[in-house]
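Data block below; observations after.
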Amino acid sequence: MKYRSTRGQVKDYTFEEAVMAGLSPDGGLFIPHHIPALPENWRQAWSELSYQQLAVEVLSLYIDESQIPRKDLEDLVTRSYTTFRHSDVTPLAQVKDGLYVLELFHGPTFAFKDVALQFVGNLFEYFLERRNRAEQGGKTHRLTVVGATSGDTGSAAIYGLRNKKNVSVFILHPNGRVSPIQEAQMTTVLDKNVHNLCVKGTFDDCQDIVKNLFGNREFNDKHHLGAVNSINWARILAQTVYYFQAYFLLMRSLKIDPASAEADKIKVDFSVPTGNFGDILAGYYAYRMGLPANKLVVATNENDILYRFFETNAYEKQTLGGGEVKETLAPAMDILVSSNFERLLWYLARDDEKDGGKTEVATHDTTLNEALSDKAGQTVAQWMDELKTKGVFRVADSVVLNARKIFDAAMVTDKDTIKGIKDYQEKHQYVLDPHTSIGVVAADRLTERDALALVPQGSEVMICLATAHPAKFSEAVEMALKDQQDFDFQSQVLPKEFVGLLDKERSVVHVERADPQLVMDVIEKELKVEGVIV
């Protein structure tokens, strides 16, 4: 399996090269040359596998044995998921008839990003150790990981990379725009190779700085930058696994053989709260591989660039009603530009070029015509240039119509987010964090719109992805449940790992403005303190 850039100028990277580079030299994102089809008997063969075994099967479709031998891949996966608190890694909870929640918050930082970043951290270390073993001239290969976070990526990356050999990690977060628990999880990690940068600005400012650093050839070559944001292909790949896990756990819950005709009658929808589009993009890859997903629901907060794309055909850098990023109760989704959307745009551009978006693209399409792929890269590059220079680009009706064959979208306000938390605790005794509430409210809204009958053995079942533990957003949850009798946040929600976290010693460097040069100066200064450069 080889990898190419969404912008068409880079092809034939190996898995290792794509993972270690993070961002393509032409500014695009890496995607596989083709999306592999699932084995013919996958439903039967994989139905009883553990999460770890399932991960090996899915990942090996994208990672050649020459890149990572199967035994090494098994070891990497095992090490990555021993840190999770639940035996299923991502368990499925039934909340009400026909509505399930896939709990992705059982990793070390109580957020879905642990699923990918525990694996990515081990991948970085594995590749560096192999390169250093092969090095004859005494040179030591190192990686300077730089990432931006709107909350959960930062702590998950830090916990995945802390104390990793030959890795330094720098995480930029926007000042005052992450939750207190998220900030504490990042800044209380005092390992020598971990560096937190608090930037005066927004998440988009932080993300733009990171992209600027990766685009700075001199700085990149000097410090060998690596990416942990979802621009890194390995993160998307790792997240595809839990869509398959959700499907098999659902079949077990319904007591249905996934290889039976009865299973074929079940339509499975996924509702995904998303800001940077990585989490739901993983579901799209699973669908294109052959997972029988019926709908993927893009659930956004009031920073609704994704929702508006499906409604208006325009991808425009503004919020509901215009303006800059709006601070909401779901800060991890307070994003104007969704970086990972570029990957979906490549497939939409290619499919539209192929048939004008008029026919269904085969799920098991394992060949890519180079002419169509090159044209898709040119189209995406043009769209991204228009976004940069004009703040907006528009696509043809056929592009959105093709996307709507699998995607639906909804926007949820803060008011409705709070109501969702309150209603689900009152009616179903299930506490949602604000991001997950957005996913659930969006699912309910679209279900009501389509008048679907949600029953456990019915034809349509909704699975909502729970992206974070409710304790990570205690202010929003307590605001929603303040009038609830017999509800006590401390005893019913707060994990023991969070007790006293806000009072711990911290390590953080403040950056006075969103300036790439200031950040580069901080990185070089911190690397000197760490002893990496003299």
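Since every read-out is calculated from the coordinates, none of them should be taken as a lab result. Predicted, not measured: the structure shown is a model, and the values here were computed from it. Because the Cβ atoms are built from the backbone with ideal geometry, glycine has one as well, and the counts that use them run over all protein chains shown.
Summary of values
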| item | result |
| --- | --- |
| Rough spin-label spacing in nm, given labels placed 7 Å along Cα→Cβ, for H224 and D515 | 3.0 nm |
| Cross-link pairs beyond the 18 Å C-alpha cut-off, checked among K11/K375; K113/K427; K11/K317; K113/K472; K113/K255; K192/K525 | K113/K427; K11/K317; K113/K255 |
| Rounded to 5, percent antiparallel among DSSP beta bridges of the chain | 25 percent |
| Charge tally in the Cβ shell below 9 Å around K375, where Lys, Arg are +1 and Asp, Glu are -1, K375 excluded | -1 |
| Spatial extent of the stretch 255-335: Rg and Dmax, with the Cα atoms as the point set, Å | 16.1, 51 |
| The chain: C-alpha gyration tensor shape, a/c 1.5 cut-off, then a/b vs b/c | rounded |
| Residue-count net charge about S150 - beta-carbon cut-off 10 Å; Lys, Arg +1, Asp, Glu -1 | -2 |
| Residues L401, L344, sorted so that the one with the fewest Cβ neighbours within 10 Å comes first | L401, L344 |
| Pairwise centroid distance, computed over Cα atoms, of the stretch 245-320 with the stretch 148-207, Å | 28 Å |
| Given 13 as the ceiling on other Cβ atoms within 10 Å, longest exposed-site-free region of the chain for GluC sites (Glu not before Pro) in DSSP loops | 136-323 |
| Calculated FRET efficiency for the pair K267/S398, C-beta based, R₀ 25 Å, to 0.05 | 0.50 |
| Potential extension, D257-T14 segment - 0.36 nm per residue separation minus Cα distance | 83.8 nm |
| Fewest-first sequence of T436, T83, T188 by Cβ atoms within 10 Å of each Cβ | T83, T188, T436 |
| Shape call, the stretch 452-526: gyration tensor on alpha carbons, a/c limit 1.5 | oblate |
| Separation of the S87 and D191 label points, Cα + 7 Å toward Cβ, nm | 2.9 nm |
| Positive minus negative residues near D385 (Lys, Arg vs Asp, Glu; Cβ under 13 Å) | 0 |
| The stretch 361-446 shape via C-alpha gyration tensor axes, a/c threshold 1.5 | prolate |
